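Enquirer: Quick one: this structure, given as structure tokens, is what I'll be asking you about.
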Amino acid sequence: MRVYLSLGSNLGDRLYHLESALKQLGAHERIHWTACSGCYETSPVGSLDQPVFLNVAAEIETDLTPLELLNVAKEIETGLGRTETWRWGPRVVDIDIILCGSTVISSDRLTVPHPEFRRRAFVLQPLAEIAPDVVDPVTGKTVAELAAGTQAEGQVRRLHDVVVD
């Protein structure tokens, strides 16, 4: 299954945390990442009194179920030092599952498509770089259409490419 992820960091060596998370995802025997956006510096959304974020979007291929992938993502976050703070609070690294093909999931642990992604410029701009024609199964709009919409919140500035060996 083709899956799109959003990764963010606003504590410590932000770029290192993002690159480490991507490397760990790619090292998993059942995950192969196929594309990665450039690195974007983004303003916080929700809780504004915190450092700015670096964000990337990644496309992966996996045969893991969405819940299995969520477990892998949480293990990587914890391994890189993430601790829980408050909703929309600062974080060493955050890995969100945005889209899983045309799958729609609504459970206590996971909602796909990600419930906030349509309003988040820090998700949509990087995602539009690697997957502009991918369709949101809920709205029927492409990622490019969503990114061009007026509902996306937050300041986003592309910095550079991400290099993951």
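The values are calculated or read from the model by the stated rules, or taken from the named source; none is laboratory data. Everything quoted here is computed from the prediction, not taken from an experiment. All Cβ positions, glycine included, derive from the backbone under ideal geometry; neighbour counts span all protein chains shown.
One line per residue, one yes/no per condition, for (1) out of contact with any Leu (no Cβ under 8 Å at 6 or more places or on another chain); (2) outside any helix (DSSP H, G or I):
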residue: L5; (1), (2): no, yes
residue: G12; (1), (2): yes, yes
residue: E19; (1), (2): yes, no
residue: H32; (1), (2): yes, yes
residue: Q50; (1), (2): yes, yes
residue: L67; (1), (2): no, no
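Enquirer: Follow-up. For the stretch 15-54, enumerate the residues that are among the aliphatic types (A, V, I, L, M), modelled with pLDDT of 90 or more and either within 12 Å of the chain's Cα centre (by Cα) or surrounded by fewer than 17 Cβ atoms within 10 Å (Cβ to Cβ) (or both).
Expert: Selection gives L15, L18, A21, L22, A27, A35, L54.
Enquirer: Within the stretch 55-81, which residues are surrounded by fewer than 17 Cβ atoms within 10 Å (Cβ to Cβ) and of a type in the set (D, E)?
Expert: Matches in the stretch 55-81: E61, D63, E68, E75.
Enquirer: Which residue pairs have Cβ atoms under 9 Å apart, sit 6 or more places apart or on different chains, and have a first residue in the stretch 112-131 that is without any contact (Cβ under 8 Å) to a residue 24 or more places away in the chain and a second that is in a helix (DSSP H, G or I) and surrounded by fewer than 20 Cβ atoms within 10 Å (Cβ to Cβ)?
Expert: Correct list of pairs: A128/A144; A128/A148.
Enquirer: Let me ask something else. Considering the stretch 118-127 alone, what residues qualify as being of a type in the set (A, V, I, L, M, F, W, C) and either surrounded by fewer than 22 Cβ atoms within 10 Å (Cβ to Cβ) or touching an Asp or Glu at 6+ places or on another chain (Cβ under 8 Å) (or both)?
Expert: A121, V123
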